[in-house]
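Colleague: Pasting in a structure now, in structure tokens, and then I'll have a few things to ask.
The values are calculated or read from the model by the stated rules, or taken from the named source; none is laboratory data. As the structure is a computational prediction, the values presented were derived from the model and not from experiment. For neighbour counting, all protein chains shown are included, and Cβ atoms are generated from backbone atoms with ideal geometry for every residue, glycine included.
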Amino acid sequence: MLSKAFPLFIGKPTIELEHIDSTNVYAAELVSTGNPSEGTVIYAHHQTQGIGQFGREWSTEEGKNITLSIILKPTFIPALYQYDLTKLAALAVAQWLENYIDKEIYIKWPNDIYVERKKIGGILIQNILSKNVLQYSIIGIGINVNQQHFDSSIPNPTSFLLETNKEYDLIDLRSHLYSNVEQNYLLAKRKGHDQLTEAYLERLFQLNEYKPYILNGNQEVMATIRNVERQGKLVLERNGGISSYSLNEVKHVI
Ligand code: BTN
């Protein structure tokens, strides 16, 4: 649902940049050199050295997509539960997409955003810890919107345009995205973790489906995703047993 009451603080201010290497890097500099207010967004019309998961490049065509970073101060989340932020952010993006694209939207663990079996966006979170709490979190979000052609090295990309045959106003889209992130963030603050988890699992790609995965970089196995632990590990059932895996230990076969 698109709510008019939000956003209250996300996007206030929005620092809008024509060109920047990476909005996450810019946000990290702001955090280390000053005290940006909670909700500050760094929005780039073009990223020249966008960063994806595992240090991969996140490259997108100029002026066609959403590339932004939101600075939050989630001091209410213990460091141990920092995966809560991944969960609420991925869920917010998925819920936001459901307003525009009338197809199955999934969260591919931990935080890839899929339309059916294609990737429309991703999230890169950097947390700044102080003692055992999250002092700052930088939520980097990249979504393919009006881009039609992708480099052949990108495995299975899609965009709003490819899925709906329409072009979108990026400014309008981004303000609705801020609302969704903010609502989930405030829900987490009100101890709505169980509700967020339920909604996250409802959208989890391949939950309860028997599918191939690669374990530890080389072992292809058939397994079923059963859950995601509070600390973010993926719970797989295989050969009648249950084990949990961290990000570098398991990979989907797409
Ligand atoms: C992924 O690999 O799926 C995560 C991609 C995250 C890309 C976004 S774009 C805005 C922000 N700035 C970056 O350099 N990366 C993130």
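Colleague: What number of residues within segment 108-133 are within 13 Å of the ligand (Cβ to nearest atom), in contact with a strand residue (DSSP E or B) (Cβ under 6 Å, 6 or more places away or on another chain) and either of a type in the set (A, V, I, L, M, F, W, C) or not in a strand (DSSP E or B) (or both)?
Modeller: So the count comes out to 7.
Colleague: Sticking with this structure for a sec: Only one residue in TYR185, TYR136, TYR200 is within 16 Å of the ligand (Cβ to nearest atom) and surrounded by 13 or more Cβ atoms within 10 Å (Cβ to Cβ). Which one?
Modeller: TYR136
Colleague: Of all residues in segment 13-32 being among the small types (Gly, Ala, Ser) and in a helix (DSSP H, G or I), which is surrounded by the fewest Cβ atoms within 10 Å (Cβ to Cβ)?
Modeller: SER32
Colleague: If SER59 satisfies every condition in (1) at pLDDT 95 or above; (2) within 15 Å of the ligand (Cβ to nearest atom) but one, which is the exception?
Modeller: (1)
Colleague: Please go through segment 65-74 and give me each residue that is more than 9 Å from the ligand (Cβ to nearest atom) and either without any contact (Cβ under 8 Å) to a residue 40 or more places away in the chain or touching a helix residue (DSSP H, G or I) at 6+ places or on another chain (Cβ under 8 Å) (or both), ordered by number.
Modeller: Residues satisfying the conditions are ILE70, ILE71, LEU72, PRO74.
Colleague: Now for a separate question. Given the structure, is GLU29 touching a residue at least 24 places away in the same chain (Cβ under 8 Å) and charged (D, E, K, R)?
Modeller: Answer is no for this residue.
Colleague: Please verify whether ILE10 is away from the ligand (no atom under 13 Å from the Cβ), crowded, with 21+ Cβ neighbours inside 10 Å and either acidic (Asp, Glu) or within 20 Å of ILE128 (Cβ to Cβ) (or both), treating the condition exactly as stated.
Modeller: The answer is yes for ILE10.
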